[in-house]
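The values are calculated or read from the model by the stated rules, or taken from the named source; none is laboratory data. Predicted, not measured: the structure shown is a model, and the values here were computed from it. A quick note on method: Cβ atoms are made from the backbone with ideal geometry, for glycine too, and the neighbour counts reach across all protein chains shown. Accessible surface areas use protein heavy atoms only, side chains included; no ligands, DNA or RNA. Shrake-Rupley method; radii C 1.70, N 1.55, O 1.52, S 1.80 Å.
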Amino acid sequence: MPRRHVLVVMAIALALAAAGGVAALVIRDGGQPVTRKAQKTQKRERAAGKKTVAQLTAANYKILKPKQTTRLLRYADAAYACMSKHIDLGKPRPLRTKIVMTLPPSATPAAIVQLGARCALTIGDPPRNASFQVRGHAVILYLPKYCILDKKVVALSR
């Protein structure tokens, strides 16, 4: 397998694992910060004008044009065809800013990451400039406005 494909699969797996871990923490903690220290940090960041990760994520979706929706939907259909053989995945549903496929409540982030990586080997990379992620109980495909990766995380991967 070409080195580029290995790196892309690893990047997708890392993104899916990170999103799944965040989703699991949010679900486990009912969406509430775990400690008072976390609450104070969030308040300081908001007071300083910094946006939280949730705010950055919510504002990071481009509104899809018809051609973009068609392009993303082709990939989502291929991902659905591959992944739905192994889990009860909802059919791709195009929205204004993303394509959504719902996951069953029993799906674990680790299982979805493994399945997504396996399917990526078969169907290829997501469309150029697109992001394919697990968020909560859904797999989403969208066009981000900008990269919101933590600079510390990016530095560790180099």
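Okay, residues lined up against (1) touching a strand residue (DSSP E or B) at 6+ places or on another chain (Cβ under 9 Å); (2) in contact (Cβ under 8 Å) with a residue 40 or more places away in the chain; (3) under 19 Å from Arg71 (Cβ atoms); (4) outside any strand (DSSP E or B):
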residue: Ile112; (1), (2), (3), (4): yes, yes, no, yes
residue: Ala120; (1), (2), (3), (4): yes, yes, yes, yes
residue: Pro127; (1), (2), (3), (4): yes, yes, yes, yes
residue: Leu141; (1), (2), (3), (4): yes, yes, yes, no
residue: Tyr146; (1), (2), (3), (4): no, yes, no, yes
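Restricting the search to the stretch 94-106, which residues are surrounded by 14 or more Cβ atoms within 10 Å (Cβ to Cβ) and either over 11 Å from Val139 (Cα atoms) or of a type in the set (D, E, K, R) (or both)? Don't jump to the end; show me each part of the working.
Looking only at the stretch 94-106, we keep the residues that are surrounded by 14 or more Cβ atoms within 10 Å (Cβ to Cβ), and these are 94, 97-103.
Pro94, Thr97, Lys98, listed by residue number.
Condition first: over 13 Å from the mean Cα position of the chain (by Cα) and open to solvent by less than 70 Å² (accessible area, probe 1.4 Å). Now tell me which residues in the stretch 118-131 satisfy that. Write out each step before concluding.
Of the residues in the stretch 118-131, the ones over 13 Å from the mean Cα position of the chain (by Cα) are 118-125, 127-129.
Within the stretch 118-131, Cys119, Ala120, Ile123, Gly124, Asp125, Pro127 qualify.
Could you tell me how many of the residues in the stretch 86-110 are of a type in the set (A, V, I, L, M, F, W, C), in a loop (DSSP other than H, G, I, E, B) and in contact with a helix residue (DSSP H, G or I) (Cβ under 8 Å, 6 or more places away or on another chain)? Walk me through it before giving the result.
Of the stretch 86-110, the ones of a type in the set (A, V, I, L, M, F, W, C) are 87, 89, 95, 99-101, 103, 107, 110.
Subsequent filtering for residues that are in a loop (DSSP other than H, G, I, E, B) retains 87, 89, 95, 103, 107.
Of the ones still in play, those that are also in contact with a helix residue (DSSP H, G or I) (Cβ under 8 Å, 6 or more places away or on another chain) are 87, 89, 103.
The qualifying residues number 3.
Is the stretch 74-85 home to any residue that is of a type in the set (Phe, Trp, Tyr), buried (at least 16 other Cβ atoms within 10 Å of the Cβ) and assigned to a helix (DSSP H, G or I)?
So in the stretch 74-85, the residues of a type in the set (Phe, Trp, Tyr) come out as 75, 80.
Next, from what is left, pick out any that are buried (at least 16 other Cβ atoms within 10 Å of the Cβ): 75, 80.
In the following step, the residues that additionally are assigned to a helix (DSSP H, G or I) were identified as 75, 80.
Yes, there is a match, as at least one residue in the stretch 74-85 is of a type in the set (Phe, Trp, Tyr), buried (at least 16 other Cβ atoms within 10 Å of the Cβ) and assigned to a helix (DSSP H, G or I).
Mind checking which residues of the stretch 48-73 are in a loop (DSSP other than H, G, I, E, B), open to solvent by less than 80 Å² (accessible area, probe 1.4 Å) and touching a Lys or Arg at 6+ places or on another chain (Cβ under 9 Å)?
Thr52, Ala59, Asn60, Leu64
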